[in-house]
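See structure below.
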Amino acid sequence: MISLEQHTDHYFYLYANCFVTRGFSRSTIIDVAHKNLYFIDNAYCDLISRFRVDKIGAVINSFEAQKDVTYFLEFLNFLQANNLGTFVQDITLFPAISLDWDHPSKVTNAIIDSRNINHDFEDILKQLDDLGCLDVQLRFYEKTEISYLESILELTAPTAITAVQMIIRYNALIDSMDYHRLVKKYPVLDLIIVYGSPENKFLEQHDDVREVFKKVLFTTQAVDSCASCGTINLRSMSIPDSVQGYAENVRHNSCLNRKVSVDENGDIKNCPSLPRSFGNVKDTPIARVLEDKDFIKAWNISKESITVCKDCEFRNICSDCRAYTSIPGDILSKPAKCTYDPYLANFA
Amino acid sequence: MYIDLKELALREAAKMHYPLFYNFIIYNELLEKDENYSLTDFKKFNERLDCDIEYQQPSKLISKIINFNEID
């Protein structure tokens, strides 16, 4: 246990990689360096906000009951034991980290939907590459042949795209090991998800250096169109790998920021599930769409402006959804497919 | 203890992007290549950017069309 006498003249410094999010019912501390999340009572959240102003002694002197001092010391012990912060003499030497966010790429991620239509993938991928796009997710709503998937993956060879994900319909004629071979042959292929499968299973690929990782996933889930998207639950939340990733979530829309989508008809949208098209990829350059202020507007819808979400302790690690909202047409209402109630602190 | 030192062979194109001293740095003996794994499998040289590109997982969830709750 921490010695009170030793630290009354110190400040407690919450490390720069740890962020507190106050919710209606409780708060969270998110440690992006270790990808850990801790729940704390809102009373402790208030105490943390005093850490940059008051020394430990001053905080303790403000308590009226001795038991509060004991609880506070236990809390400090908890923070230190979990490597969330430490005692310092001069808090001004540890200024708060800026959460301003920017990225050299005009587009960082993209979704391309496909159904019985032959997109000009060569042209689309070239355009995305020119915009600096790193991650591309291809979603096929019809059965596809391995050779077709392979032909698309070949097109990524001259690009700087670093990850391709493919979400495809189950095809009984394709041996599951064919997907495995595809993953091995194309390292850019980060993940294949085969939906509508007879069973849920992972094909594990063993890698001594990067540890075991799962790249081929079969799921029984039925996917008929982009309408299946937008599910928000604990599994769709993720703690960002970096302070930059966290800052993006805080400052921008965690799903739509720097995203471009091409829907199954070739329409360029923020998200395939959103109604507004900004032109068709056949005759509208993606770069021109990025000049449209209305397109960029969606990138900046942060959780602080969304009803209910602004009271949620998960808001800075949630991926959000602006396509399916609880009040149709109100782009600032809670995601319709989110089952979490921040006022009761539980999932339905 | 004797350590066998070797100069690391760098491609000319890659050298362009390293600080100058890298051209002269001496490295310990390199490990034998694992037949089943090579770091080069996870990167490629991009002509347009004139540098190596490392494949990596997306930094965030791209879409939520798959409900992972239904899988576990």
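A few comments on the model shown:
- Compared with the rule-of-thumb size 2.2 N^0.38 Å for a compact globular protein, the protein assembly as shown has a Cα radius of gyration ratio of 1.13.
- Only Lys, Arg (+1) and Asp, Glu (-1) charged, at Cβ; the protein assembly as shown dipole about Cα centre in debye: 980
- Other-chain or far-sequence residues with amide H under 5 Å of A:I167's (modelled H): A:L138, A:R139, A:F140, A:I193
- Entry note, chain A: relative contact order of 17 percent, from Cα contacts under 8 Å with a spacing of 6+ residues.
- Exposed GluC sites (Glu not before Pro) absent: longest stretch of chain A, with sites in DSSP loops and at most 11 other Cβ within 10 Å deemed exposed: A:65-198
- Rounded if a/c under 1.5, otherwise prolate or oblate - the range A:1-49, Cα gyration tensor axes: oblate
- Too-long pairs where the Cα-Cα distance tops 29 Å, listed order kept, from A:K55/A:K303; A:K269/B:K60; A:K297/B:K64: A:K55/A:K303
- The range A:160-319: relative contact order in percent, alpha carbon pairs under 8 Å with at least 6 residues between: 17
Laboratory data are not the source of any read-out in this text; all were calculated from the coordinates shown. Since the model is a prediction, treat every value here as computed from it, not as a measurement. Heads up, the Cβs are rebuilt from the backbone with ideal geometry, glycines too, and the neighbour counts pull from every protein chain shown.
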